[in-house]
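Data block below; observations after.
Every number here is computed from the coordinates shown, using simple stated rules; none is lab data. Here the structure is a predicted model, which means the values were calculated and not measured. Ideal geometry is used to build each Cβ from the backbone, glycine not excepted, and the neighbour counts take in all protein chains shown.
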Amino acid sequence: MRFCAHHLDLGAARLLLYLDDARADQGAILSAHPAISVTLCDDAFWAKRGRRPAKHQVRQTRNATQAYRRKAHDLEWLIHMDVDEFLWCDADIGGCLAGLPDTVQAARLRPAEALAGGDGTAYKAFIPPGPARRATVSRLYPEFGDHIKGGFLSHVAGKLFLRTGLPDLSVRIHNAFLPDDAKPDETDESRICLLHRHAKDWDTWIASYRYRLQSGSYRSDLSPAIPRERGGMTLHELFSRIEAQDGEAALRAFYDTVCADTSDHRAALGAEGLLRLHDLDLDTKRARHFPDIAPQKD
């Protein structure tokens with residue numbers, strides 16, 4: 001409800017939700033809103049499509065592609081996002097997109113990663129790729145910087161707003177492809193930011209750590225932040241080494257350094273010009289768009 005309310009507040013014309021852990025009661029609450037369409041990805045849903053893919057990334061891309069190819073919707077732009085991602089723009093998002101040249105088929109939004117365990121307002125900004133990125137991250141996190149791309153534990157690629165009507169377009173997590181693996185004509189849209197709440201607090205982070213290590217954003221098949229010949233290692237290798245040293249206590253020390261919302265962390269980011277403060281006020285927005293539904297625990 002918070003995710004939906006925030007984006008409705010920003011002017012989203014429609015939200016197409018695919019609930020992976022399908023619960024009919026949740027679907028009924030959300031779909032009661034006239035701007036929200038809910039698809040329950042239950043056994044019956046996947047039976048019509050052959051089988052349920054084991055990897056959540058494959059399930060996401062199939063659903064996002066289906067949503068994009070819907071013939072009934074009259075939307076001009078679509079973006080595929082996770083429920084822990086929130087758009088932020090100091091201007092009107094619709095106006096930003098409408099002002100792009102007709103030749104632009106995709107607008108890439110760069111992320112900002114939330115600091116964890118604080119009041120939910122602090123984010124570390126995206127550092128553009130280039131020679132200065134590695135030096136900046138190494139100053140922020142001397143012990144780990146070489147292995148954390150852009151200082152983020154989550155993605156730095158961001159997400160794409162896609163102009164609708166492109167024939168046979170296939171949506172991926174961070175990209176999209178036309179036939180023959182061609183990419184749509186893309187621009188960076190710096191006026192719109194993707195706020196990513198990768199970790200809420202220590203308990204949430206450690207609870208999802210094992211899954212991310214095996215199947216998610218810390219899995220072993222991802223590339224290191226810097227080439228191996230220059231000493232790079234993947235997040236999977238880094239976390240495995242940290243955990244082997246002193247178990248969960250070592251992981252907590254890493255979390256406190258790289259993720260936690262502390263005064264020292266804010267000061268270090270501020271000194272690099274990378275601290276962003278955004279109060280999403282999600283509970284107020286939820287109450288405005290779902291006034292008859294009692295708030296639920298996360």
Most to least packed among 150-161, 271-282, 117-128 [average Cβ atoms within 10 Å]: 150-161, 117-128, 271-282
Alpha-carbon Rg/Rh ratio, for the stretch 148-190, with Rh computed the Kirkwood way: 1.04
Sequence-separation-based contact order of the stretch 2-289, relative, with Cα cut under 8 Å and 6+ spacing, percent: 24
Cα-based reach from residue 48 at 18 Å (exclusive), listing aspartates and glutamates while leaving out same-chain residues under 8 positions away: 20, 21
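Among 55, 285, rank each residue by its count of other Cβ atoms within 10 Å, from fewest to most, as a rough exposure measure. Present the calculation step by step, with values, prior to reporting the outcome.
Details: 55 11, 285 20.
By the 10 Å Cβ count, ascending: 55, 285.
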Share, in percent, of DSSP beta bridges within the chain that are antiparallel, nearest 5: 60
³J(HN,Hα), Karplus 6.51/-1.76/1.60, whole Hz, each residue of the stretch 194-209, x for Gly, Pro: 9, 7, 10, 8, 5, 9, 7, 7, 4, 4, 5, 5, 5, 5, 9, 4
Around residue 171: net Lys/Arg minus Asp/Glu count, Cβ-Cβ under 11 Å: +4
Separation of the residue 172 and residue 57 label points, Cα + 7 Å toward Cβ, nm: 0.9
Cut-off under 5 Å, modelled amide H: who pairs with residue 79 long-range: 162
Cα pair distances of the stretch 72-211 binned at 5 Å [whole percent]: 2, 9, 16, 18, 18, 15, 11, 7, 3, 0, 0
